[in-house]
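Heads up, the thing below is written out as structure tokens.
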Amino acid sequence: MTSISTTQLAQRLMVALDYPDDTSARELIRKLEGIPCYMKVGMQLFYQAGPTFVQELKSLGYSVFLDLKMHDIPNTVKSGANSITRLGVDMFNVHAAGGSAMMSAAMQGVEEALAAHPLLNRPWVIAVTQLTSTNQQTMNQEIGIPGTVEDAVIRYAQLTAQAGLNGVVASPLEAEAIKKACGADFLTVTPGIRPAGSAADDQSRTKTPGEAISGGSDYIVVGRPITAAADPKEATLQILEQMSQALN
Ligand code: C5P
């Protein structure tokens with residue numbers, strides 16, 4: 001791999017910083033030093049380390065996906081989106097299940113923040129379709145949505161596109177169908193990535209890094225296969241290598 005391709009690939013790999021505190025997250029960041037990957041901050045870390053830690057990541061030069069999956073009444077989501085945009089993140093998300101009014105309100109929140117602070121970065125706003133831990137039985141019997149998971153995901157993705165958002169979080173199994181339904185520019189961010197031979201943990205609908213990239217994922221999200229690895233840097237480099245092979 002050349003250094004340019006490594007950087008481009010690393011920007012498509014989102015490392016899930018699923019840690020209880022900023023000290024542990026910093027430890028992983030130190031181990032991954034030199035790899036310009038995207039950093040994903042979820043609720044566990046954000047509720048402990050807060051905006052200061054997000055700003056620290058930005059000052060270190062990382063792209064940041066703030067994965068807080070907002071789902072509330074439109075006015076509250078609009079205000080939340082405004083606050084998140086002011087943090088200067090590169091991407092954040094809401095639940096598509098909140099409906100089109102809620103998703104449009106998130107976009108209004110972004111616009112209001114940008115109008116008040118024109119130098120801010122415009123974040124990508126994406127929606128969660130079905131969590132990658134949800135299987136069809138759970139979706140049909142517990143959540144009450146009939147049909148297949150793929151049909152539900154496509155319907156949510158179309159709703160998300162109509163509401164003016166930039167893309168969706170979905171299983172890598174659905175990335176290709178989402179692109180077909182919503183267009184090539186509609187972003188697909190896919191967790192549920194497991195390198196061959198690694199544990200599935202609580203993910204139900206998984207693909208390997210190479211399969212996900214070949215299948216149309218714009219960004220892959222990887223947590224435990226990196227964070228729980230004996231050598232996280234080596235695990236990350238292997239994933240980048242698999243992504244590179246899939247593109248060549
Ligand atoms: O450890 P693992 O690779 O399973 O981590 C996946 C990450 O992606 C976690 O941070 C999880 O919260 C997140 N995620 C997900 N499914 C979604 C949206 C986000 O697994 N639909």
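Details
- Assigned charges on the beta-carbon of Lys, Arg, Asp, Glu; the range 144-206 dipole about Cα centre (debye): 80
- Using only side-chain charges placed at the Cβ, +1 for Lys and Arg and -1 for Asp and Glu, the dipole size of the chain relative to its Cα centre rounds to 260 debye.
- Sequence-separation-based contact order of the range 30-113, relative, with Cα cut under 8 Å and 6+ spacing, percent: 30
- The relative contact order of the chain comes to 18 percent, based on Cα pairs under 8 Å that sit 6 or more residues apart.
- Summed over qualifying helices (DSSP H, 4 residues or more, each -39500 (n - 2.57)) and divided by its residue number, the chain shows a 222 nm mean residue ellipticity of -14000 deg cm²/dmol.
- Among G50, G147, G167, the largest mean-square fluctuation in a Gaussian network model of the chain, built with springs joining Cα atoms closer than 10 Å, belongs to G147.
- Separation in nanometres of the label points that stand 7 Å from Cα toward Cβ, at L60 and Q238: 2.3
- Highest-fluctuation residue, I213, I126, I145 considered, GNM on the chain with Cα pairs under 10 Å: I145
- Cross-link reach is defined here as a Cα-Cα straight distance under 21 Å, omitting same-chain residues fewer than 8 places apart; for K40 the lysines meeting it are K31, K58, K69, K207, K233.
- FRET efficiency, I143 to A181 (Cβ-Cβ, R0 22 Å, nearest 0.05): 0.55
- The range 202-230 versus the range 1-57: alpha-carbon centroid distance in Å: 16
- Within the listed set P232, P146, P51, the residue fluctuating most in the Gaussian network model of the chain (springs between alpha-carbon atoms under 10 angstrom) is P146.
- Net charge dipole, the range 1-146: roughly 260 debye, given to the nearest 20, about the Cα centre with Cβ charges of +1 for Lys and Arg and -1 for Asp and Glu.
- Loop-located GluC sites (Glu not before Pro) in the range 6-85 (DSSP state other than H, G, I, E, B) with a sparse environment of at most 10 neighbouring Cβ atoms within 10 Å: E33.
- Residue list for the range 40-82, given a label point 7 angstrom along the Cα-to-Cβ vector of T23 and an amide N cut-off under 14 Å: 49
- Listed by chain and number, the aspartates and glutamates whose C-alpha is less than 19 Å from the C-alpha of K179, apart from same-chain residues fewer than 8 away, are E150, D151, E211, D218.
No lab work stands behind these numbers, since they all come straight from the coordinates. Quick caveat, the model's predicted, so the values are computed rather than measured. A quick note on method: Cβ atoms are made from the backbone with ideal geometry, for glycine too, and the neighbour counts reach across all protein chains shown.
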